[in-house]
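Right, one structure below, let's go through it.
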Amino acid sequence: MTTPPDSGPQGSPQVSGSWLTRGRDGRLSLFLPGEQEVVRWTEHGSGWQGPDRLPAPGVLPRVVLAQGEDGYVHLVGGRRTADGNLELVHAVQFQTGRPMLGWSSLGHPNRIAKWTGDPAAVVDGAGRLCVALKNGGGGVSVRLQQTIGGWGRWQDLGGRRVRETIAAAVDGDGLVELFVADATSVARWTQEKPGAAFAAAERLEVATTPAVFSALTTQNGEVVLFFSDEDGTVRRWAPGHEEDARLLLEAAGPGPLVPAAATIDGHPCTVLAQETADGEIAFAAYPTGNEDAGAWWTPTAPGAGNGLSLALCPDGERGLVAAVLPPGGQPLLNRQKTAEDGFALGRWKPLN
């Protein structure tokens, strides 16, 4: 999903983060970036409405989504300025299916701004958006929305030659945690109180691969980082509770790994999903906090080919919903079968 810093994002539209969301009214929405627009489908009754084409003038076809407990959906993207620099821009949907509040500029941590990778976006417990981005100096910068309106200044967290992928999540106290990797380690950044500046916390000395690097807030409010090591093994790290990362299972394939919290047989569980080398989507699940119970991959075949984008979304009592986006195709959905024992999914189906 990344491109050289001097060229900017190219190719087909890309979306990262939870591009499948659930509003306060219980309805799902699915967002995809396009040229000069964001395309949205909205759950309506037993089917879907859309696509609605939401204007995104000048916004590059790569969008990051974040959603807080208030249900607001935040969209963060990049836009070229008149002088050829890059700025981050932000829009928000307050209600399911309603128009978005128009795009506003967040600026950029560098005066002369070039493409340095997709930003990470997450909403804290007070509804404030946090945006983190690899900066032009090879470190990471972060900017926080203010509760009374507006934004704070960019904070430079330092770092050298960090990777473009940044993982972010919010703990049970509503505080943001950031994870950043370089060639030999993973650095963690935390807040002491809501809205506070970030401070360096633990550092895990481990070499990671860029494809698998994502954070999840579990049902008990613990933030967990999932990554793959150089041997292709998926590991789980719960800072503050574990000094080292625990081995989970071999990676299912080369694609990004997407974690989600789900309920299985009435128990809190963690579900992992990843694209395989054959273009299938493999799922694994284990009881949250009981990794020793084991996890193994079960492949499913959406029949969409390689290069899928993948999203998971807890859908209340209806269980977990998975969505894949084939390159140049229409989204496909799959739902957890909550009436069956264990973790079971139905068939992949197009939106209808």
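The values are calculated or read from the model by the stated rules, or taken from the named source; none is laboratory data. In this text, all values refer to a predicted model and were calculated from it rather than measured experimentally. Because the Cβ atoms are built from the backbone with ideal geometry, glycine has one as well, and the counts that use them run over all protein chains shown. Ligands, DNA and RNA are stripped out before the accessible areas are found, and what is left, the full protein with its side chains, is counted by its heavy atoms. Shrake-Rupley method; radii C 1.70, N 1.55, O 1.52, S 1.80 Å.
Of the strands (runs of 3 or more DSSP E) that lie entirely inside the range 62-153, those containing 1 or more residues that are surrounded by 20 or more Cβ atoms within 10 Å (Cβ to Cβ) and either basic (K, R) or without any contact (Cβ under 8 Å) to a residue 12 or more places away in the chain (or both) span 129-134, 140-144.
The combined condition, being open to solvent by 10 Å² or more (accessible area, probe 1.4 Å) and not charged (D, E, K, R), is not fulfilled by T21. Summed over the range 249-304, residues that are under 18 Å from the mean Cα position of the chain (by Cα) and of a type in the set (S, T, N, Q) total 2. Restricting to the range 175-209, count the residues that are of a type in the set (A, V, I, L, M), touching a Ser or Thr at 6+ places or on another chain (Cβ under 6 Å) and closer than 14 Å to A132 by Cα. So the answer is 1. Applying the condition of being modelled with pLDDT of 90 or more and within 15 Å of the chain's Cα centre (by Cα) to the range 1-28 and asking which residue is farthest from A215 (Cα to Cα) yields R22.
In this structure, D52 does not satisfy being surrounded by fewer than 13 Cβ atoms within 10 Å (Cβ to Cβ) and either at pLDDT below 90 or of a type in the set (D, E) (or both).
Per the listing R161, R235, the residue uniquely under 23 Å from A262 (Cα atoms), charged (D, E, K, R) and open to solvent by 30 Å² or more (accessible area, probe 1.4 Å) is R235. The condition (being within 22 Å of the chain's Cα centre (by Cα), open to solvent by 20 Å² or more (accessible area, probe 1.4 Å) and of a type outside the set (F, W, Y)) is satisfied by just one residue among A183, A187: A183. Look at the range 241-260: where a residue is in contact (Cβ under 8 Å) with a residue 40 or more places away in the chain and a partner is in a strand (DSSP E or B) and among the basic types (K, R), sitting 6+ places away or on another chain with Cβ atoms under 6 Å, you get A245/R235; R246/R236; L248/R236.
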